[in-house]
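The values are calculated or read from the model by the stated rules, or taken from the named source; none is laboratory data. Keep in mind that what you see is a predicted model, and the values were worked out from it rather than measured. Methodologically, a virtual Cβ is constructed for each residue, glycine included, from the backbone with ideal geometry; neighbour enumeration extends over all protein chains shown. The accessibility values were calculated without ligands, DNA or RNA, using every heavy atom of the protein model including side chains. Shrake-Rupley method; radii C 1.70, N 1.55, O 1.52, S 1.80 Å.
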Amino acid sequence: MKYVQDISASTQEIFSTMIMLDVAPGEAFRRTDSHLKNSVSGIVGLAGETKGMLSIHLPLETALAVTTAFLGMEVEEIDEDVCDAIGELANMLGGCLKAAIDPSGSKVQLSMPSAIHGEEYTIDCLADADLISVPFTFAEHSFIVELQVSS
Amino acid sequence: MGKTVLIVDDSNTMRKIVARSLRQAGIDFDAILEAGDGLEALEVLGANQVDVVLSDINMPNMTGLEFLKAKSEDDAIKDIPVIMISTETGADIIDEAKSYGAKGAIKKPFTPDLINDTLGPLL
């Protein structure tokens, strides 16, 4: 699947450089269950020649662990700081993947990042877009980075 | 008199990370000021003596490029050096930033060493 290597490399670089966490990518898959449960999701939209969405989905406990490592201070509840941190992760992932999708840098634009969380929710993007999901693990935690693109 | 840096980013998390990276890079500022967008940054520059600015590009209300342009038109603050820190570091955007006076650009994710290498010569 296209962009799997870019997703893996970008995610590993961002986590090791900014969060000091070594994350291991798993085998890419196509997520069929559209429902996300007890999670936090960071999202960045892509517009222009290539349209789509970059997202990162973390179970609540993983989001807390990542934010704690990111900020260097204990975070115990899903709050504004967690959403801001996960949104910023999506923003950095979007920037890295934009470089792979649009090497010229001028044909694809990124939206402002956003983050949502809840007990159960779905995120809809483009019906005809290819969805690539790459799982990652660190310690006892796991999360998914997804790219949905339609040219 | 010590140096003062202004960090401009709509993400509170990223402002904290940039401030931490400055400390990790061994760059010692007497004061670290923060702004959440370009408009706030202009207000901070108007009210404080700032030696260098680290600014994001994609921000609400006033983007980093709009901030640079407005700053370049104000004689009182136009000479304060600005380094862009952003996920957006395409050649077109950086060329536009430099045309408004930006002294350099750092791509997120970044290391303290990269911050030091880029910012050090300006201090």
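At a glance:
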read-out: Qualifying residue in the stretch A:142-150 (condition: within 24 Å of A:Ala28 (Cα to Cα), open to solvent by 20 Å² or more (accessible area, probe 1.4 Å) and either part of a helix (DSSP H, G or I) or out of contact with any Phe, Trp or Tyr (no Cβ under 9 Å at 6 or more places or on another chain) (or both)); value: yes
read-out: Pick from the stretch B:1-56, criterion in a loop (DSSP other than H, G, I, E, B) and among the small types (Gly, Ala, Ser), ranking: farthest from A:Glu74 (Cα to Cα); value: B:Gly2
read-out: From the options B:Ile94, B:Ile17, residue that is closer than 30 Å to A:Ser104 by Cβ, in contact with a strand residue (DSSP E or B) (Cβ under 8 Å, 6 or more places away or on another chain), of a type in the set (A, V, I, L, M, F, W, C) and free of Cβ contacts under 8 Å to residues at least 60 places away in the same chain; value: B:Ile94
read-out: Matching residues in the stretch B:5-51 - criterion: being β-branched (Val, Ile, Thr), away from chain A (no Cβ under 11 Å) and within 24 Å of A:Thr17 (Cα to Cα); value: B:Val5, B:Ile7, B:Val8, B:Ile27, B:Ile32
read-out: Residue check for B:Leu68: part of a helix (DSSP H, G or I), away from chain A (no Cβ under 13 Å) and crowded, with 19+ Cβ neighbours inside 10 Å; value: yes
read-out: Criterion (away from every other protein chain (no Cβ under 14 Å), within 23 Å of B:Thr89 (Cβ to Cβ) and of a type outside the set (S, T, N, Q)) met by exactly one of A:Gly52, A:Gly94, A:Gly48; value: A:Gly52
read-out: Sole exception among (1) in contact with a helix residue (DSSP H, G or I) (Cβ under 6 Å, 6 or more places away or on another chain); (2) open to solvent by 10 Å² or more (accessible area, probe 1.4 Å) for A:Glu88, by number; value: (2)
read-out: Total residues in the stretch A:55-78, condition of a type outside the set (Gly, Ala, Ser), within 11 Å of chain B (Cβ to nearest Cβ) and over 25 Å from A:Ile132 (Cα atoms); value: 4
read-out: Filter result for the condition that a residue is part of a strand (DSSP E or B), at pLDDT below 95 and open to solvent by less than 60 Å² (accessible area, probe 1.4 Å), over A:Ala100, A:Ala47; value: A:Ala47
read-out: The stretch A:12-44, residues that are within 14 Å of chain B (Cβ to nearest Cβ), open to solvent by less than 30 Å² (accessible area, probe 1.4 Å) and touching a Phe, Trp or Tyr at 6+ places or on another chain (Cβ under 6 Å); value: A:Ile19, A:Val23
read-out: Criterion violated by B:Met59 - all others in (1) at pLDDT below 95; (2) open to solvent by 20 Å² or more (accessible area, probe 1.4 Å); (3) in a loop (DSSP other than H, G, I, E, B) satisfied; value: (2)
read-out: Counted residues, the stretch B:1-15 - those being open to solvent by 10 Å² or more (accessible area, probe 1.4 Å) and β-branched (Val, Ile, Thr); value: 1
read-out: Scan of the stretch B:83-103 for residues that are within 13 Å of chain A (Cβ to nearest Cβ) and surrounded by 15 or more Cβ atoms within 10 Å (Cβ to Cβ), ordered by number; value: B:Met84, B:Ile85, B:Ser86, B:Thr87, B:Glu88, B:Thr89, B:Gly90, B:Ile93, B:Ile94, B:Glu96, B:Ala97
read-out: Test: residue in the stretch B:113-123 that is farther than 24 Å from B:Gly26 by Cβ, free of Cβ contacts under 8 Å to residues at least 60 places away in the same chain and surrounded by fewer than 20 Cβ atoms within 10 Å (Cβ to Cβ); value: no
read-out: Pair list, Cβ under 7 Å, 6 or more apart: the stretch A:105-129 residue more than 14 Å from chain B (Cβ to nearest Cβ), other residue open to solvent by 60 Å² or more (accessible area, probe 1.4 Å) and not hydroxyl-bearing (Ser, Thr, Tyr); value: A:Glu119/A:Lys37; A:Glu119/A:Asn38; A:Glu120/A:His35; A:Glu120/A:Lys37; A:Thr122/A:His35; A:Leu126/A:Lys51
